[in-house]
Amino acid sequence: MATNVHLTPELASFARDCVEGGHYNSVSEVVRSGLRLLKEQEDRRRAFDAMIARSLAEADDKGARTMDDVLARADAAIEAA
């Protein structure tokens with residue numbers, strides 16, 4: 001799929017430098033690489049948001065715990081091990 005992308009002069013220069021430096025064969029490869037990194041970042045953000053939502057739902061279902069309770073349970077688990 002052909003798509004036109006307009007880059008700022010700074011980004012265009014960076015992309016050309018990446019190609020000229022031998023890291024990429026074309027500016028298109030640079031853009032694809034950047035988009036892959038952005039996708040990975042967004043996937044991690046979504047996974048983190050989902051984990052937070054699950055944690056909040058669990059706190060609603062089971063009640064929240066105080067830090068003292070968490071530390072006491074951790075200490076007990078360490079002593080038991």
- Residues of the stretch 9-47 being loosely packed, with under 14 Cβ neighbours inside 10 Å and not in a helix (DSSP H, G or I), in sequence order, are Gly21, Gly22, His23, Asn25, Ser26
- Query: Right, Val5: surrounded by 10 or more Cβ atoms within 10 Å (Cβ to Cβ), assigned to a helix (DSSP H, G or I), out of contact with any strand residue (DSSP E or B) (no Cβ under 8 Å at 6 or more places or on another chain) and among the β-branched types (Val, Ile, Thr) or not?
  - Reply: no
- Item | Number of the exception - Arg45 against (1) closer than 14 Å to Leu7 by Cβ; (2) under 21 Å from the mean Cα position of the chain (by Cα) | (1)
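FYI, it's all coordinate maths here, none of it is from the lab. This structure is a prediction, so every number in the text was calculated from the model and none was measured. Backbone-built Cβ (ideal geometry, glycine too); neighbour counts: all protein chains shown.
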